[in-house]
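The values are calculated or read from the model by the stated rules, or taken from the named source; none is laboratory data. This is a predicted model, so every value here is computed, not measured. Heads up, the Cβs are rebuilt from the backbone with ideal geometry, glycines too, and the neighbour counts pull from every protein chain shown. Remember, those area values only see protein heavy atoms, side chains included, never the ligands or the DNA or RNA. Shrake-Rupley method; radii C 1.70, N 1.55, O 1.52, S 1.80 Å.
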Amino acid sequence: SITCFGFNAITLTLKNRPSFDLRHSKKTDVDDFLRPEDGLFKPYSSGALSQISEAIAKAFVSESYATDTMELKRYVMLVSIFRVGIPAVTFATFASQVYPGISLWIAAWINDDAAFAVLSEDLSQYFQNILTTIGLMFTITVGYTYYFLYQQQEAIYLALFQEVAEAKSLLEQVSLVSEGRTDMYQNILECIDRYVKEDLTQFYIEPSILLSQRPIDDPLEEIMYLTSVGEPGIVYQTVRSLRQARAFRLGALQRKLPPIHFVLVWTLALIVLVVFPFLGAGSQVIGGNPILEVQSVYMSFIVFGICMVMGVLNELREPAGNGAYNVVSVLNIMVTGLIEELEGRIKGQFISNQQSPTIDGISAFGPSDDSVAVNYDAES
């Protein structure tokens, strides 16, 4: 079970990363993963590095981080810092230690004065051209990957804000239209509640699976059936807008970069790093071991920078993770009021104003003509 991360105010908890199929039955297995009594929403976390980072981050925040917004923000930032920084520092230190030995091993393997002269002076600029070409390819690939992932992050935020706004609008309309019909009102509220818990807040199910469910299993389709059979009712347009917002959200959440993309980026980074020990093998002829010690420091800087860049890319590609780039914490704040009102209306705790809307002489729209005339006569 996931015991590393929590958000308050949301009425569900994921005990495991679910892999259920919403297409088979109206009562899905999602209930096995939802526990309203916990009041926590726990993003997905995996791997030993994530667990270590979370354990270290908890030592720097108070125990109330799950309910304190500021502490929660600090916690997720620390998780990302440690999850990115620990591998970067580890590999940088390792590179600085093994660089002199690898360069000397390459020098012993070459063991040719003419080759050393070419490597040390690089008159043909062969290695320089290789480094420039591979470095340019790595820079372009990483730059476009960054741009693409940031664009996806922005699209997710915009889609979530639009969808939550439409869901609140739907709840308001349903409350005004059907509150007098108890059975219908409860059924619609349960459909909205099921939509929020099984769809809107589900970041761990493949978006294509959510979209592939049968219309009969779709709570929005059931709302349409209850309110707009025959001639479309006033709720039809809101449900239609909500479905469009849902489509934007699922499209933004769909993972578009396959894992092989990051394998290729790492391959380019390794090719860039492999060039340096060959240059060190030539430079040690001129400066000996001391020059290799100096180069090992610069080598650690390069390795640290590349690991930092790749670590941030990995954080960006997990919008449902527990790092600084997660969108779950923002969604948690957005749907807090929606879920509270839904639960209250289902339990009958919220009662709408039963008075009919009226406009009198002292209404918010200003005094009526009759009241103005009376005041004028009195002053006369």
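Filter the stretch 236-253 for residues that are polar (S, T, N, Q) and touching a residue at least 60 places away in the same chain (Cβ under 8 Å) and give the result.
Correct list: 238, 241.
For the stretch 80-96, does any single residue satisfy the condition of being open to solvent by less than 40 Å² (accessible area, probe 1.4 Å), more than 31 Å from the chain's Cα centre (by Cα) and modelled with pLDDT of 90 or more?
yes
What number goes with the only condition from (1) at pLDDT 85 or above; (2) surrounded by 17 or more Cβ atoms within 10 Å (Cβ to Cβ); (3) in a helix (DSSP H, G or I) that residue 345 does not pass?
(1) is the only condition that residue 345 fails.
Can you spot a residue in the stretch 108-125 that is touching a residue at least 12 places away in the same chain (Cβ under 8 Å), touching a Gly at 6+ places or on another chain (Cβ under 7 Å), surrounded by 13 or more Cβ atoms within 10 Å (Cβ to Cβ) and of a type in the set (S, T, N, Q)?
So far as the stretch 108-125 goes, yes, one or more of its residues are touching a residue at least 12 places away in the same chain (Cβ under 8 Å), touching a Gly at 6+ places or on another chain (Cβ under 7 Å), surrounded by 13 or more Cβ atoms within 10 Å (Cβ to Cβ) and of a type in the set (S, T, N, Q).
Is it the case that residue 320 is in contact (Cβ under 8 Å) with a residue 40 or more places away in the chain, outside any helix (DSSP H, G or I), in contact with an Asp or Glu (Cβ under 9 Å, 6 or more places away or on another chain) and under 30 Å from residue 201 (Cβ atoms)?
no
Restricting attention to the stretch 321-342, which residues are more than 15 Å from residue 168 (Cα to Cα), open to solvent by less than 10 Å² (accessible area, probe 1.4 Å) and among the aliphatic types (A, V, I, L, M)?
327, 328
Pairs please, first residue from the stretch 181-200 and closer than 11 Å to residue 223 by Cα, second anywhere and of a type outside the set (Ser, Thr, Tyr) and part of a loop (DSSP other than H, G, I, E, B), Cβ atoms under 6 Å, 6+ apart in sequence or on different chains.
185/179
I'd like the residue in the stretch 139-169 that is open to solvent by less than 30 Å² (accessible area, probe 1.4 Å) and among the hydrophobic types (A, V, I, L, M, F, W, C) and, out of all such residues, is nearest to residue 255 (Cα to Cα).
Among residues in the stretch 139-169 that are open to solvent by less than 30 Å² (accessible area, probe 1.4 Å) and among the hydrophobic types (A, V, I, L, M, F, W, C), the one nearest to residue 255 (Cα to Cα) is 149.
Of everything in the stretch 177-192 that's at pLDDT 80 or above and surrounded by fewer than 20 Cβ atoms within 10 Å (Cβ to Cβ), which residue is nearest to residue 338 (Cα to Cα)?
Going through the qualifying residues, I end up with 190.
Determine if the stretch 273-287 includes at least one residue that is modelled with pLDDT of 90 or more and out of contact with any Asp or Glu (no Cβ under 8 Å at 6 or more places or on another chain).
There is at least one residue in the stretch 273-287 that is modelled with pLDDT of 90 or more and out of contact with any Asp or Glu (no Cβ under 8 Å at 6 or more places or on another chain).
Working carefully through the options 294, 263, find the one that is part of a helix (DSSP H, G or I), open to solvent by 70 Å² or more (accessible area, probe 1.4 Å), more than 22 Å from residue 118 (Cα to Cα) and without any contact (Cβ under 8 Å) to a residue 12 or more places away in the chain.
Answer to the selection: 263.
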